[in-house]
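What follows draws every value from the coordinates through simple rules; no lab data is involved. Quantities reported herein were computed from a predicted structural model and do not represent experimental measurements. Glycine gets a Cβ as well: all are built from the backbone with ideal geometry, and neighbour counts include every protein chain shown.
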Amino acid sequence: MRYHKIPDEAIRRLPIYLRGLLLLSEQKQQSISSRNLAHFLGVNPWQIRKDFSYFGGFGTRGVGYDIKRLIKQIKKILKLDVVHKAALVGVGNLGSAVLAYPGFRVYGFDIAAAFDSNPKKIGRKIKNITIEDVSDLRTLKKRTIDLGIIAVPCDAAQQAGDALVKAGVKGILNFSPCYIAVPKKIKVITIDIAMDLARLPYYMPAR
């Protein structure tokens, strides 16, 4: 199912709701009101109701949300109801941390392959993943890997992006602190930790 004219901000918040609901489900909670969910997540109740209204609304007046049902619906919207395989390009300090991070599996992501250009790293194993030569990225399509994660220096990011696109990926998570150009049909989300940190002092009280 496709949803049209949904604000990007609403889509960005859906994984936040999903994470909270998964935690509540682990605590054996069966239902929750929008007010209590908002308090648990640290957001406004009206924002949750508005975001859900884009998709038809999921709650029952006077009862709230069935947590398991809502988890299923959000996963379907985000296309997380199937496992997505991802390939990591760049296994330096950041890339190694990404490989070791267990949080991806919560959302159904499987980092199924890792690549690097450093001969000293190729052939090594991290978390049961054998690091491959970056020149073998062309094999991704045959391995049904449709997502790419870039964790290389800025000067190598565009080349990594080009190789991933050529290999058939449909989406890229870019940890390199620079813009990469890809065809319009490919979605790129860039995460620059230093840039987000640079915004923080603005909100801090003056010394």
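Given 37 °C and 0.692 mPa s, how large is the Stokes-Einstein diffusion coefficient of the chain in µm²/s, with Rh as the Kirkwood radius over Cα pairs? Before the final figure, lay out the partial values.
Working: Rh = 19.1 Å.
D, rounded to a whole number, is 172 µm²/s.
So what is the relative contact order of the chain, in percent, for Cα pairs below 8 Å that sit 6 or more residues apart?
Working: 279 pairs, mean separation 27.6, N = 207.
After rounding, I find 13 percent.
Is it possible to state the helix-based mean residue ellipticity at 222 nm for the chain, with each DSSP H run of 4+ residues giving -39500 (n - 2.57), the sum divided by total residues, to the nearest 500 deg cm²/dmol? What is it?
On the way: 7 runs with 75 residues, N = 207.
Result for the chain, helices only: -11000 deg cm²/dmol.
Please work out the Cα center distance from segment 147-184 to segment 8-66, rounded to the nearest Å.
33
Suppose a student asked you for the relative contact order of segment 8-77, using Cα pairs under 8 Å spaced at least 6 residues apart; what percent would you report?
Numbers: 52 pairs, mean separation 28.4, N = 70.
Worked out over segment 8-77, it gives 41 percent.
Would you mind working out the magnitude of the charge dipole of segment 49-163 relative to its Cα centre, with +1 at each Lys and Arg C-beta and -1 at each Asp and Glu C-beta, to the nearest 20 Debye? Write out the running numbers ahead of the final one.
Numbers: 20 positive and 11 negative charges, 133 e Å.
The dipole of segment 49-163 has a size of about 640 debye.
Across all directions of projection, what mean area in square nanometres is found for the Cα convex hull of segment 76-170?
Working: hull surface 24.3 nm².
Averaged projected hull area, Cα only: 6.1 nm².
Rounded to the nearest 5, what % of DSSP beta bridges with both residues in the chain are antiparallel?
Working: 5 of 26 bridges.
For the chain, the DSSP antiparallel bridge percentage is about 20.
Thinking of segment 22-125 as a set of Cα atoms, what percent of all their pairs are more than 21 Å apart? Write down the numbers at each step before the final one.
Working: 2745 of 5356 pairs.
Cα-Cα pairs in segment 22-125 separated by more than 21 Å: 51 percent.
For residue 68, list the aspartates and glutamates whose Cα falls under 17 Å from its own Cα; do not include residues on the same chain fewer than 8 positions away.
Of all the aspartates and glutamates, those that pass the test against residue 68 - Cα under 17 Å, at least 8 places apart if same chain - are 26, 81.
Just the Kirkwood number for segment 8-77, please: inverse of mean 1/r across all distinct Cα pairs, in Å, one decimal. All intermediate terms of the calculation are to be shown ahead of the outcome.
Details: mean 1/r = 0.0843 Å⁻¹.
Every distinct Cα pair counted, the radius reaches 11.9 Å.
Among 184, 85, 127, which one shows the highest mean-square fluctuation when the chain is modelled as a Gaussian network with alpha-carbon springs under 10 Å?
Result: 184 has the largest fluctuation of those listed.
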